[in-house]
């Protein structure tokens, strides 16, 4: 069953469909918050908050967009709300990467991501780690698709240059 069908079933009160969506997205959202620089504990809290908001708003879901877009809009909103409440939040929290194996490849990736601007990190995470399309990222961030394409390309160019520098 597709995510869109599951979401429509959940919208109509099917709790098993809702549980399946939560099962599909729990680790993805947790990883999303970790890549946004949150600690393991905060990532778990924000993931749970995202699902609480999903449960409250599932009746409003429209199948015009992919369910991934819908859930990441909620997650992005939860993240921004958290940051507004915690003005002293450190987005470069080292504990955010505690679940990443500490081999040299992952350390290099972590280094490169840390060197990007926050918005560039976000686009890389959405596009490569979460597998979202440019259109889905545009809907989540309320940014034109052409801008997303350009920003992802520029972020990748920066990553490539940094990787070349690291390898020297």
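What to note about this one:
- Number of residues in region 43-54 that are closer than 10 Å to residue 79 by Cα and surrounded by fewer than 20 Cβ atoms within 10 Å (Cβ to Cβ): the value is 1.
- Residue within region 55-77 that is assigned to a loop (DSSP other than H, G, I, E, B), touching a helix residue (DSSP H, G or I) at 6+ places or on another chain (Cβ under 8 Å), closer than 21 Å to residue 117 by Cα and in the same structural domain as residue 18 (by TED's automatic domain parsing) present: no
- Of the criteria (1) modelled with pLDDT under 85; (2) assigned to a helix (DSSP H, G or I), which one residue 158 fails: (1)
- Of all residues making up region 1-48, the number that are on the phi > 0 side of the Ramachandran plot and either outside the structural domain of residue 80 (by TED's automatic domain parsing) or in contact with a helix residue (DSSP H, G or I) (Cβ under 7 Å, 6 or more places away or on another chain) (or both): 1
- Filter pass, residue 91 being at pLDDT 80 or above, in the same structural domain as residue 50 (by TED's automatic domain parsing) and either out of contact with any helix residue (DSSP H, G or I) (no Cβ under 9 Å at 6 or more places or on another chain) or part of a loop (DSSP other than H, G, I, E, B) (or both): no
The values are calculated or read from the model by the stated rules, or taken from the named source; none is laboratory data. In this text, all values refer to a predicted model and were calculated from it rather than measured experimentally. All Cβ positions, even for glycine, are placed from backbone atoms using ideal geometry, and neighbour counts span all protein chains on display.
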